[in-house]
C-alpha cells in the first residue's frame, strides 16, 4: 500500500507544471471546470463551472459560477429501483475568491460562496381525505414534492496547475444552510422531509417552514486553463 502511495505521489509531482509560472498565467485566464464528486451526491448533479479573473493584471480576486443538473435515473443510490428515478435537481453556486498565497505550481485562496439547490420529486403515496385519523377511501396518488436549499459558506482551498493546461481545486469550508420543503400536490398533507430522506438530520419539516442548519462543504474540481500559453 505504501509503495502504491509513493508511486502515485511521484506521478503527481511529475505532472505538475514546472518551468513556467502558471499561477501568474491563471490570474489573467479563465478556467472551465467540472466537479466530479457532485455525481456521487445524494442529490446528484453534473456540475460545470467557469472561473474568471476580475482583472487582467496581477489581481488576486476572481469570480466563479457553477451550474449543475441531475436526474434520479443516473443516481448511484437508487440501487436499481425507481425510488429516486422521478427526481430532478438543479444546483447553482456563486463564489468570490481572494488568493492569499501564490507559488509557481499552486495558489491558496479564501472564498465566500452562495449556493441554491432546487430538488423536485414525484412519488406514489397512499393519500387519505382526512388530515387526522383513519379515513376511507385511501387512494394511491402521484405526489409532487419540492425542496429548496440556500446556503452560505466560507471556503479555504488550493488550486494546483499541471502540464497541458489542467488545474485541480481542493476545497473545504463551513457555513449555514436553510432547507425549505413543500408538497406541491393540492390537498395532500404529509411530511415532505421523508420524500427526500432528510427527516433524520434537519429540524424543519412543516409546510413552508424555514430552518437554519450548520453545513460542511468539501470539493474537488478539475479544470482547463483557457487561452494561448507561452512556449516553455
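The values are calculated or read from the model by the stated rules, or taken from the named source; none is laboratory data. Small disclaimer: the values here were computed from a predicted structure and weren't measured. Cβ coordinates were reconstructed from backbone atoms using ideal geometry, including for glycine residues, and neighbour counts include every protein chain displayed.
Taking residue 66 as meeting all but one of (1) at pLDDT below 95; (2) under 29 Å from residue 148 (Cβ atoms); (3) surrounded by 13 or more Cβ atoms within 10 Å (Cβ to Cβ), write down the number of the exception. The single condition residue 66 does not satisfy is (1).
Can we say residue 90 is at pLDDT 75 or above, surrounded by fewer than 19 Cβ atoms within 10 Å (Cβ to Cβ) and under 30 Å from residue 165 (Cα atoms)?
For residue 90, the condition - at pLDDT 75 or above, surrounded by fewer than 19 Cβ atoms within 10 Å (Cβ to Cβ) and under 30 Å from residue 165 (Cα atoms) - is met.
Please specify each residue of segment 102-126 satisfying the condition of being within 27 Å of residue 88 (Cβ to Cβ) and at pLDDT 85 or above. Break it down into steps so the answer makes sense when it comes.
Just the residues of segment 102-126 that are within 27 Å of residue 88 (Cβ to Cβ), to begin with: 113-126.
Matches in segment 102-126: 113, 114, 115, 116, 117, 118, 119, 120, 121.
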